[in-house]
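One structure is given below, encoded as structure tokens.
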Ligand SMILES: *Cc1c(COP(=O)(O)O)cnc(C)c1O
């Protein structure tokens, strides 16, 4: 067979990730590949660590990007902190809490589940009950920004409860990093993982992680070896260096994707973290005005809504929601997300992540959605969404 070069179409990515990759990042990815132990590359690795500390708002020395997607960062946290026989309180309010449970079980731990309705945040009172009922628990695990529903949980309060009960925290910040306030040190989070393709607007395939001293102490006090060789932090630390020592070869870092992450974090620093959070909030307000003017409603209650992930209920008159997404993709090159798990067929997930959170995308999305929905006979109000959004955009 003769293959031709692959040229993907130009899409606008407004789903649950990946988000639109900034052109500066695409350009950075195409720079010449150099050796992963080249002193120039090692210097860049150091800068990436510093930039990640800023993004996470932490002084943790053990802050680095794992060479694999967000799920690997998740696995690294569980594999290093959970030993056979450990009890872990896992809060579940969507798809990703369920994956945490799987991770605990595969590490030989016992999960104690605190389950909420989908769309609701984790209830700190119920997490506290579980911690009280299980004084043997070693870890409290929860998702800060649940991408499957668009609900945000109170990470600061949950982390305080964990400390009061002498537990470490494992926190999923894949969708919150760079999108909405996340303060690792101020909130006292211990093992935190994220991803690059959501609000950092970088390519997928890397997972920024950060570990507090308490977490590092717990890892060093393990009585068993970490089951995963690739994700064993003791080995990974020798490669990423903590304290400027000589680097030992562990694996070959994904060199060009790391150029991309460096650029993404540089862009974040230039805009300023607070400004970035503020932009996501303002863009959410504009999208919300348009969505509501169309007569559609939000799935998550207002105080717990994530600005970067908007779950919108599917209007009456639409029996085949997938056909709506297909038309958006084919006619408008616009991707929005379907509902996951039990939310399939009930909601759409409209992402406003990173570079995708901009006025042009919002107006395009509202215009395209309104056009397709009214054409397909949905029960919506037409002619109001764009002006409602524009009033918010100012
Ligand atoms: C996307 C996502 C993940 C998984 O990240 P991958 O890069 O797809 O492995 C984990 N948790 C949350 C909350 C996510 O949104």
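Taken together, the values in this text are just the output of simple stated rules run on the coordinates, not laboratory data. This structure is a prediction, so every number in the text was calculated from the model and none was measured. Glycine gets a Cβ as well: all are built from the backbone with ideal geometry, and neighbour counts include every protein chain shown.
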By the C-alpha gyration tensor axes a ≥ b ≥ c (rounded if a/c is under 1.5, else prolate when a/b exceeds b/c, else oblate), the shape of the stretch 90-165 is oblate
Taking 167, 77 and counting other beta carbon atoms within 10 angstrom, the fewest-first order is 167, 77
Place a point 7 Å from the Cα of residue 214 in the direction of its beta carbon; the residues of the stretch 108-125 whose amide N falls under 11 Å from it are none
For the chain the mean separation of alpha carbon contacts under 8 Å (6+ apart) over residue count, i.e. relative contact order in percent, is 23
Length gained, residue 166-residue 57, 0.36 nm per residue minus C-alpha separation, equals 36.9 nm
Percent antiparallel among DSSP beta bridges confined to the chain, rounded to 5, stands at 50
Once both label points are put 7 Å beyond Cα along the C-beta direction, the residue 26-residue 46 separation in nm becomes 3.3
Under the helix-only model (-39500 (n - 2.57) for each DSSP H run of 4 or more, divided by the residues of the chain), the mean residue ellipticity at 222 nm, to 500 deg cm²/dmol, is -13000 deg cm²/dmol
Residues 67, 207, 176, 387 in order from fewest to most other beta-carbon atoms within 10 Å are 387, 67, 207, 176
So the angle from the long Cα axis of helix 321-332 to the longest Cα principal axis of the chain, reported in degrees to the nearest 10, equals 80
In whole angstrom, the spacing between the Cα centers of the stretch 1-70 and the stretch 102-163 equals 30
So, relative contact order of the stretch 49-177 in percent, Cα under 8 Å, 6 or more apart, is 23
With a Förster distance of 45 angstrom and the Cβ-Cβ distance between residue 344 and residue 129, calculated FRET efficiency to the nearest 0.05 equals 0.90
Note on the stretch 273-393: alpha-carbon gyration tensor, axes a ≥ b ≥ c; rule is a/c under 1.5 for rounded, else prolate if a/b larger than b/c, else oblate; result prolate
Honestly the chain on the Cα gyration tensor test (a ≥ b ≥ c root eigenvalues; a/c under 1.5 rounded, otherwise a/b vs b/c for prolate or oblate) is just oblate
1/(1 + (r/R0)^6) with r = Cβ-Cβ of residue 374 and residue 106, R0 = 56 Å, i.e. FRET efficiency to nearest 0.05, evaluates to 0.70
1/(1 + (r/R0)^6) with r = Cβ-Cβ of residue 323 and residue 381, R0 = 22 Å, i.e. FRET efficiency to nearest 0.05, evaluates to 0.55
The helix 95-106 Cα axis meets the longest alpha-carbon principal axis of the chain at an angle in degrees, between 0 and 90 and rounded to 10, of 20
For the chain, the longest principal axis of the Cα atoms and the Cα long axis of helix 39-56 enclose an angle in degrees, to the nearest 10, of 70
Distance in nm between residue 225 and residue 4 label points, each 7 Å along Cα→Cβ, equals 5.1
